[in-house]
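Read through the structure below, which is laid out as structure tokens, and then see the notes.
All of the numbers you see were taken from the coordinates with simple rules; none came from a lab. Everything quoted here is computed from the prediction, not taken from an experiment. When we count neighbours, we look across all protein chains shown, and the Cβ atoms used for this are built from the backbone with ideal geometry, even at glycine.
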Amino acid sequence: MYDTDVYLRRLGLDGRPAPDLATLVTLHKRHMESIPFSSVGSLAVPTASGELVDLVDFDEDATFDAVVAAGNGGGCVQMTRLFLRLLRDLGFAADLIAGTTAEGLESYGVEVEHMAILARVDGGSWLVDIGYAGPSFLEPLRLDGVTRDQAQYGCRYRLVEDGDGALLQRRPKLGQWSTVFRFTTKTRERSDWAPAHRAVNAAVAAAGEGGPELYSRAVADGQVVLKGRRYLTVRSGIEKARTVVDDAEWHALRTAILAGDVR
């Protein structure tokens with residue numbers, strides 16, 4: 001059953017903080033550190049039984065128990081909708097917005113794929129996204145009045161105009177700019193993701209299987225991501241990636257990410 005106080009305790013907070021920018025930054029970072037992204041049983045891939053979870057009309061109370069209270073983590077739509085509920089319960093003005101990754105556009109042909117949040121606080125608008133496996137940003141990004149890159153934990157981020165939307169781009173300390181996803185600030189309803197759900201269902205049915213397993217968690221100075229056999233770490237802006245060949249090591253890395261024991 002959804003419970004704001006349980007949610008806050010999972011994020012390491014006692015009491016209900018004020019709905020200000022400092023709180024939003026703290027909630028965002030702690031969520032990504034405390035609750036992992038896990039594609040297994042999420043809304044992006046089939047469950048272990050092979051049955052797809054409904055992308056739009058899932059039970060938020062039951063989802064909260066598994067994703068937040070038990071600390072198991074989940075996918076983009078699960079975690080984003082629960083985080084939106086938390087923000088609104090605390091008094092933030094926040095709405096759902098949509099985006100798409102290059103991979104999602106190519107695989108499913110939809111522009112409403114990724115789910116994020118637009119929060120308005122302390123006179124500004126902020127991009128909030130705790131449900132992207134990464135690598136991505138760990139704290140909210142300012143959307144209005146931005147005239148320069150925004151830096152976080154050694155990485156830089158910028159917004160590039162793209163028609164009626166914007167490209168969120170990221171650059172690690174020793175790397176090049178790359179696009180994380182495209183998004184618009186148009187307010188959305190959860191039913192807007194129904195076409196994406198149908199596209200995912202159709203793609204999975206045609207392929208006979210889901211995509212590679214995907215897990216991630218933020219750490220104090222960055223993020224770790226395990227996508228299939230590819231293991232990527234970002235620490236203080238330094239990005240490293242390698243292929244995990246050994247099965248025992250892969251399982252150990254997966255367990256560490258889910259348990260919050262990343263070193």
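See the values below:
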quantity	calculated
Relative exposure of 250, 177, 193, judged by other C-beta atoms within 10 Å (fewest first)	177, 250, 193
Normalised contact order of the chain, rounded percent, pairs of Cα under 8 Å and 6 or more residues apart	19 percent
Check: the chain dipole with +1 on Lys, Arg Cβ and -1 on Asp, Glu Cβ, in debye	1000 debye
Candidate lysines for bridging to residue 240, where Cα separation is under 22 Å - those fewer than 8 sequence places away on the same chain excluded	29, 173, 227
Lys, Arg +1 and Asp, Glu -1 on Cβ, resulting dipole of the range 123-182 about Cα centre, debye, nearest 20	320 debye
